[in-house]
Amino acid sequence: SVLKNGKVLAIDGYGESGDLLSTELYDPSTGHWTITGSLNQPRWNSTACLLNDGRVLTIGGWLFEQDPLSGTELYDPSTGN
């Protein structure tokens, strides 16, 4: 999701150890990635929506080798969580 400040939020994913909890910000002006906050529930292949107030809502996704997730989480760029 592209945030209002122009940075890109990468939320969820899958790595060698399974589903990721970490969230990262990419700054296209510098080309740098920064780890910011973490998810409460590891997930991959979720949907993220930028809300009018600047927060990002992530919906659904999958848990490693499990059933689909139905929960949601909010990311607030002002707090990094």
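Divide the volume of the convex hull of the Cα atoms of the chain by its number of residues and quote the answer in cubic angstrom per residue. Please report the intermediate quantities before stating the final value.
Numbers: hull volume 6.8 nm³, N = 81.
Taking the convex hull of the Cα positions in the chain, it is 84 Å³ per residue.
Evaluated with a Cβ-only charge set (Lys, Arg +1; Asp, Glu -1), the chain carries a dipole of roughly 320 debye about its Cα centre, given to the nearest 20. Here segment 1-45 has an Rg and Dmax of 11.1, 32 Å, counting Cα atoms alone.
Tell me which GluC sites (Glu not before Pro) from the chain have a DSSP coil assignment and no more than 15 other beta carbons within 10 Å of their own. Passing both the DSSP loop test and the Cβ count: Glu16, Glu65.
Just so you know, all these numbers are worked out from the coordinates, no wet-lab data involved. Since the structure is predicted, the reported quantities are computational estimates derived from the model, not experimental observations. Note that we place each Cβ from the backbone using ideal geometry, even for glycine, and neighbour counts take in every protein chain shown.
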